[in-house]
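Asker: Following this message is one structure expressed as structure tokens.
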Amino acid sequence: MAVWLAHSSCSHKASVHEAGGGYFARLNWARSKPLFATEKEGELGAPQPEAIRDGQNDLEDFDQGDRPISGDGSMGAPSALARVFGHLKT
Amino acid sequence: MNQVAHLDFSGQVAIVTGAGRGLGRAHAHLLASRGCKVIVNDLGSAYDGSGDPNARVADTVVAEIIEAGGDATANYDSVEQGDQIVEAALKAYGRIDIVINNAGILTPEVWSDLTLESWQRTLDVNLTGVFSVMKAVWPVFVEQQYGRCVMTSSPAMYGAGVAAYAASKAGLIGLANSLQFEAIKLKLDINCNVLIPQADTRMTQDFAASVNDRRKSQGKSVAPNAPAEVLKRL
């Protein structure tokens, strides 16, 4: 595995692989369905912990989530903020 | 063995840290067998960083590689002085295409016994050592507009009772992601990836022992070199 990752034809970037005794696997980041507990119509203010308690189904829902890519900057805060702003506009 | 086209590394140069024993040695042999020139870096210390710093295990690996028809050079600098390893590689071969960051120490204290000193020592070698090597090699990669880097993380990072080791090994993933980000920003063919060996050398020995026990119980012969066979398959 190390030698494959070291080869010029290997295009993986910031990937994480397990290897051992002929066993190989690749790991992914998994992000759940987003839970938005920001302002709602007629209900301004900071998100409350109760909203997170009541939103556990969303946070457990990885089928409606995504697999973010690391290493290219798309996974960080700018993307998360863009999602929140996108949500606020709708 | 299947007749498949080998990955070709001819003309390339790799630094493999901690290549005197175990996984690093296996990586060095495999790269050399595919035509890569290898800097076999190893301090010669024990698994926990103790022991005779003058033990010349890297010489043995270099001799083995040359015996097998490959090209390798020994280096005894600490990964904490990455610039010295990179300088030695450039002096020997004039370029560096690959860095396999494999060197690491494991201090075995459980959480209740873990001292700040041990925590710091582990991070110094396993995390700051990789920083040191990558910081030194990065201008070479950028100049060549090419590089391949592999970080050796560990399943210990999932939680296995060795907190300092786990934290250092999880930290390498953040470091790899950040170096990859830099490479993408520069639009260069530089890739940084992470390997989690699911069997370390001691584990493979235990694994091999259990395989041999099973073979014995089935009345079969015992594989004499089982750990090496497992290592080759990583």
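Asker: Looking at B:R95 and the list (1) in contact (Cβ under 8 Å) with a residue 40 or more places away in the chain; (2) open to solvent by 40 Å² or more (accessible area, probe 1.4 Å); (3) assigned to a helix (DSSP H, G or I); (4) not hydrophobic (A, V, I, L, M, F, W, C), which single condition is not satisfied?
Answerer: Of everything listed in (1) in contact (Cβ under 8 Å) with a residue 40 or more places away in the chain; (2) open to solvent by 40 Å² or more (accessible area, probe 1.4 Å); (3) assigned to a helix (DSSP H, G or I); (4) not hydrophobic (A, V, I, L, M, F, W, C), B:R95 misses just condition (3).
Asker: Next up: Just name the residue that is least open to solvent (accessible area, probe 1.4 Å) out of those in region B:144-170 that are more than 13 Å from chain A (Cβ to nearest Cβ) and under 20 Å from B:I100 (Cβ atoms).
Answerer: My answer is B:S168.
Asker: List the number of the failed condition for B:L231; all other conditions in (1) within 30 Å of B:R121 (Cα to Cα); (2) modelled with pLDDT of 95 or more hold.
Answerer: Here B:L231 clears every test but (2).
Asker: Which pairs have Cβ atoms under 6 Å, sit 6 or more apart or on different chains, and link a residue in region A:12-37 that is on the phi > 0 side of the Ramachandran plot and in a loop (DSSP other than H, G, I, E, B) to one that is buried (at least 16 other Cβ atoms within 10 Å of the Cβ) and among the aliphatic types (A, V, I, L, M)?
Answerer: A:A14/B:A176; A:G21/B:A199; A:G21/B:V230
Asker: Does any residue of region A:74-90 turn out to be modelled with pLDDT of 95 or more and open to solvent by less than 60 Å² (accessible area, probe 1.4 Å)?
Answerer: Looking for residues that are modelled with pLDDT of 95 or more and open to solvent by less than 60 Å² (accessible area, probe 1.4 Å), one finds none in region A:74-90, hence no.
Asker: Taking the conditions exactly as written (at pLDDT 95 or above, crowded, with 23+ Cβ neighbours inside 10 Å and farther than 16 Å from B:L30 by Cα), does B:V79 satisfy them or not?
Answerer: Criteria met by B:V79.
Asker: Give just the number: which of (1) open to solvent by less than 20 Å² (accessible area, probe 1.4 Å); (2) under 24 Å from B:N126 (Cβ atoms) does B:I65 not satisfy?
Answerer: With (1) open to solvent by less than 20 Å² (accessible area, probe 1.4 Å); (2) under 24 Å from B:N126 (Cβ atoms) applied to B:I65, the lone miss is (2).
Asker: Find the residue count for region A:1-31, including only residues that are more than 10 Å from chain B (Cβ to nearest Cβ) and surrounded by 16 or more Cβ atoms within 10 Å (Cβ to Cβ).
Answerer: 0
Asker: If you don't mind, another one. Restricting region B:56-103 to residues that are within 14 Å of chain A (Cβ to nearest Cβ) and within 16 Å of the chain's Cα centre (by Cα), which is nearest to B:L23 (Cα to Cα)?
Answerer: For region B:56-103, the residue satisfying everything is B:N102.
Asker: Considering only residues of region A:63-73 that are part of a loop (DSSP other than H, G, I, E, B) and touching a strand residue (DSSP E or B) at 6+ places or on another chain (Cβ under 8 Å), which is surrounded by the most Cβ atoms within 10 Å (Cβ to Cβ)?
Answerer: Checked region A:63-73; the qualifying residue surrounded by the most Cβ atoms within 10 Å (Cβ to Cβ) is A:G71.
Asker: Oh, and also: What number goes with the only condition from (1) open to solvent by 40 Å² or more (accessible area, probe 1.4 Å); (2) modelled with pLDDT of 95 or more that A:R53 does not pass?
Answerer: (2)
Asker: Output the qualifying pairs, or none if there are none: Cβ atoms under 6 angstrom, residues six or more apart or on different chains, first residue in region B:174-199 and more than 7 Å from chain A (Cβ to nearest Cβ) and touching a residue at least 12 places away in the same chain (Cβ under 8 Å), second residue assigned to a helix (DSSP H, G or I) and open to solvent by less than 60 Å² (accessible area, probe 1.4 Å).
Answerer: Pairs that qualify, where the first residue is more than 7 Å from chain A (Cβ to nearest Cβ) and touching a residue at least 12 places away in the same chain (Cβ under 8 Å) and the partner is assigned to a helix (DSSP H, G or I) and open to solvent by less than 60 Å² (accessible area, probe 1.4 Å), are B:I190/B:F141; B:I190/B:A183.
The values are calculated or read from the model by the stated rules, or taken from the named source; none is laboratory data. Only a predicted model underlies this, so the values are computations on that prediction, with no experimental measurement involved. Because the Cβ atoms are built from the backbone with ideal geometry, glycine has one as well, and the counts that use them run over all protein chains shown. Heavy atoms of the whole protein, side chains included, go into the accessibility calculation; ligands, DNA and RNA do not. Shrake-Rupley method; radii C 1.70, N 1.55, O 1.52, S 1.80 Å.
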